[in-house]
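*Asks:* Sharing a structure with you now.
The values are calculated or read from the model by the stated rules, or taken from the named source; none is laboratory data. These numbers were taken from a predicted model, which means no experiment stands behind them. Here the Cβ is made from the backbone with ideal geometry for all residues, glycine too, and neighbour counts use every protein chain on show. The area values use the complete protein model at the heavy-atom level, side chains included, leaving out ligands, DNA and RNA. Shrake-Rupley method; radii C 1.70, N 1.55, O 1.52, S 1.80 Å.
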Amino acid sequence: MSPTLSRRSVPRHLLTLDHKPSTTGIVHLGLGNFHRAHQAVYTAQAGDWGILGVASRSASVADALNDQDGLYSVLELSPDGSSISVPGVHTGAIVAAHDPAAVVGAIEAEDTRIVSLTVTEHGYCMDPSSHRLALNHPGVVSDLTGSTPVTVIGQIARALEARAATHRRPITVLSCDNMQSNGTQTRRLILEFLQAANSPAADWVAEFVTYPNSMVDRIVPATTDAYRATAYELLGVDDRSPVPAEPFTMWVMEDRFAAGRPAWERAGAVFSDEVEAYELIKLRLLNGTHSLIAYLGALDGRATIPESRAQDFIEYAARAVLEDEYLPSITLPHGFDVEAYVESLFQRWSNGALGHRTQQVGTDGSVKLPQRVPQPALRLLDQGVMPEHLALTIAAWLCCVVPLPGFDPGPHAHAMVDPARDRLATLATSAVNLTDLVRKTCTQVFPTELAESNQFVQRIAEYVAVISTDGVRAAARQAARSRTPHQPQASPAA
């Protein structure tokens, strides 16, 4: 029987932090692959700051970490080869669904100086149209009236309330999710919760808790048995929970920490007052374009992002939406080399060794797309320009999650998880025609101003119809013919 990963069994040169941290300075909510390949890697290189990992529901990763001395491996994959390392920074792991009171207690603890989050946009219980706390969300309703909170916002708010009532030590809440001004939004949601709960701690929280905005970037696919086998080959021991990742990594944040922070700059983190500009680069150029690649690829029968990006019609659509519709909506940070960044994106999307799946990138579109599409689309519509490829993005997403009767979007689209899928399917049964369905969908998911643009809604409906009758390549050809390019390019054959 092969030995399992432990501080005794792992080769010493592969351990980033060669000792278990003495204290837990960070409680991290969201013990998924991204956190373990990103913030944990930076923290392991920054010194003696331990992280308590909090999984949302699944116990598999938490159990593996606890059984392996808090260890797991990070497998860096590229066409040039693979390498592996073991961060060694976690002091333990718990599961919020099994013991929500323990989560509150961990955040309340005096030694905890940062609570960080990678819970996806869906985890914030935020109304997509108003960006305010969804007070009618069942979990939020329960948290406002019950004693043991179950939502992320409720758990943090109640823990801050407990800190205010006991030791009153300042703390930082650090969102690392793909939301514009994520720290500012998190602050607003927590204060809205405390105000709705009539909490006496609201004033203390407003004064002594900081919420830096941040931007995080690294492509991290789901773990598979193939990755476990590769990790075993490189480690020589079994790792139940290795994390695959691309070599590229980036972290930009504001330096506003109420109770100190790790020296993340040692690992290459950037502290900047222009975080919002970096956020928009990530949300629109990377994430927005990534979504279009995923939906077009899934509808074309492609399992992975590299397979999708390799199709000429998808690369053309990706460059069109990025260059013509997303990029002009962003004021770039000082000194930022956007041409080099864009080319790096297409290289990253071509990393066949990584095999990032279209179903993973396309999941939760109803939560992700409202963060990416509306402002660039409205900007062009106000100029009298139709954002063809943003309309195609929404149409392709709709075809994946709520296909028209008789249209089969394929297995990769069916595998996408979306919290709005059932709700949109119900809307489809009451819609009088396709345009009505698109309008009702946009009203449910996107800001009112976008849903009220008759031309944009009609264009989305046209692309849905083309995809459903003639296929995704035909829709991409139509978008290419209708393109108003920022810089003219020849349209490839689809």
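*Asks:* Calculated from DSSP H runs of 4 or more alone, at -39500 (n - 2.57) each and per residue, what is the 222 nm mean residue ellipticity of the chain, nearest 500?
*Replies:* The helix contribution divided over the chain gives -12500 deg cm²/dmol.
*Asks:* First compute the accessible area of region 195-322 with a 1.4 Å probe, then give the percent of it belonging to carbon and sulfur atoms. Present the calculation step by step, with values, prior to reporting the outcome.
*Replies:* On the way: 1940 of 4370 Å².
On region 195-322, the fraction of accessible area on carbon and sulfur atoms equals 44 percent.
*Asks:* Report, in degrees rounded to the nearest 10, the 0 to 90 angle that the Cα long axis of helix 472-482 makes with the longest principal axis of the chain.
*Replies:* Value to nearest ten degrees: 70.
*Asks:* Let me ask something additional. Just one of (1) 4, 16, 20, 17, 13, 11, 8, 6, 4, 2, 0, 0; (2) 4, 22, 33, 28, 11, 2, 0; (3) 4, 19, 29, 27, 16, 5, 0 is P(r) over Cα pairs in 10 Å bins from 0, in percent as worked out from the coordinates here. Which one is it?
*Replies:* (3)
*Asks:* Now a separate question. Based on the Kirkwood radius over alpha-carbon pairs, what is the Stokes-Einstein translational diffusion coefficient of region 248-402 at 25 °C with 0.890 mPa s viscosity, in µm²/s?
*Replies:* Rounded to a whole number, D works out at 148 µm²/s.
*Asks:* Still on this structure: State the dimensionless ratio Rg/Rh of region 1-109 (Rg: radius of gyration of Cα atoms; Rh: Kirkwood radius).
*Replies:* Taking Rg over the Kirkwood Rh, I get 0.98.
*Asks:* Pull up the DSSP beta bridges for the chain and report the antiparallel fraction as a percent, rounded to 5.
*Replies:* Percent antiparallel among DSSP bridges in the chain is about 30.
*Asks:* Working from Cα positions, state the angle (0 to 90°, nearest 10) between the long axis of helix 454-470 and the longest principal axis of the chain.
*Replies:* Taking the Cα atoms of the chain, the angle to 454-470 is about 80 degrees.
*Asks:* Can you tell me which of 326-337, 209-220 comes out highest on packing, and rank the rest after it, using the mean Cβ neighbours within 10 Å?
*Replies:* 209-220, 326-337
*Asks:* Which one, Ile107, Ser344, Ala396, projects farthest toward the positive side of the charge dipole computed for the chain from Cβ point charges (K/R +1, D/E -1)?
*Replies:* Working it through, the farthest residue towards the positive pole turns out to be Ile107.
*Asks:* To the nearest 20 Debye, how big is the dipole of the chain about its Cα centre, given +1 on the beta carbon of each Lys and Arg and -1 on that of each Asp and Glu?
*Replies:* Values: 39 positive and 53 negative charges, 82 e Å.
For the chain, the charge dipole is close to 400 debye.
*Asks:* Hey, another quick one. Karplus couplings for region 295-304 from phi (6.51 cos²θ - 1.76 cosθ + 1.60, θ = phi - 60°), rounded to Hz, Gly and Pro as x?
*Replies:* 6, 5, x, 4, 5, 8, x, 9, 7, 10
*Asks:* Any idea of the accessible area per residue across the chain, 1.4 Å probe, to the nearest Å²?
*Replies:* 39 Å²
*Asks:* Now for a separate question. From Cα pairs below 8 angstrom and at least 6 apart in sequence, can you work out the relative contact order of the chain, rounded to a whole percent?
*Replies:* Reported as a whole number, the value is 14 percent.
*Asks:* Could you go through region 94-109 in sequence order and give the Karplus-derived ³J(HN,Hα) for each residue, using 6.51 cos²θ - 1.76 cosθ + 1.60 with θ = phi - 60°, rounded to whole Hz, and x for Gly and Pro?
*Replies:* 10, 10, 4, 5, 7, 8, x, 5, 5, 5, 4, x, 5, 5, 5, 3
*Asks:* Something else: For region 236-245, just list the computed ³J(HN,Hα) in residue order, Karplus coefficients 6.51, -1.76 and 1.60, θ = phi - 60°, integers in Hz, with x standing in for Gly and Pro.
*Replies:* x, 9, 7, 10, 6, 9, x, 10, x, 7
*Asks:* Among residues other than Ala476 whose Cβ falls under 15 Å from its Cβ, what is the net charge (Lys/Arg +1, Asp/Glu -1)?
*Replies:* Surrounding charge for Ala476 is 0.
*Asks:* Another one. Against the longest principal axis of the chain, how steep is helix 182-196, in degrees 0 to 90 to the nearest 10, with axes from Cα atoms?
*Replies:* That helix lies at roughly 70 degrees to the long axis.
*Asks:* Per the Kirkwood treatment, what hydrodynamic radius in Å, one decimal, follows for region 257-308 from the mean inverse distance over all distinct Cα pairs? List each step's numbers first, then the result.
*Replies:* On the way: mean 1/r = 0.0726 Å⁻¹.
It is 13.8 Å.
*Asks:* Just the number, please: carbon plus sulfur as a percent of the accessible area of region 1-54, 1.4 Å probe, no ligands or DNA/RNA counted.
*Replies:* 54 percent
*Asks:* Per 10 Å bin, what is the whole-percent P(r) computed from every C-alpha pair distance within region 308-382?
*Replies:* Spelled out bin by bin, region 308-382 gives 15, 41, 39, 5, 0 percent.
*Asks:* When the Kirkwood radius is taken over all Cα pairs of region 310-456, what Stokes-Einstein diffusion coefficient follows at 37 °C and 0.692 mPa s, in µm²/s?
*Replies:* 195 µm²/s
*Asks:* Would you grab the residues whose amide H sits under 5 Å from the one on Trp251? Only those 5+ places off in sequence or on another chain, please, with H modelled 1.01 Å from N.
*Replies:* Here Val270 satisfy the definition.
*Asks:* Out of residues 5 or more away from Ser214 or on other chains, whose amide H comes under 5 Å of its own, with H placed 1.01 Å from N in the peptide plane?
*Replies:* Excluding prolines and chain starts, which carry no amide H, the hits are Asn182, Gly183.
*Asks:* Ranked highest first by average number of other Cβ atoms within 10 Å, how do 93-104, 20-31, 74-85 line up?
*Replies:* The most tightly packed comes first, giving 20-31, 93-104, 74-85.
*Asks:* Please go through region 210-277 and write out the chymotrypsin sites (Phe, Trp or Tyr not before Pro) that DSSP classes as loop and that have at most 15 other C-beta atoms within 10 Å.
*Replies:* Phe248
*Asks:* Give me the net charge of Pro370's neighbourhood, meaning all other residues with Cβ under 13 Å from the Cβ of Pro370; Lys, Arg count +1, Asp, Glu -1.
*Replies:* Net charge around Pro370: -2.
*Asks:* Any idea what the alpha-carbon Rg over 2.2 N^0.38 Å comes to for region 397-453?
*Replies:* Relative to the 2.2 N^0.38 Å estimate, region 397-453 comes out at 1.12.
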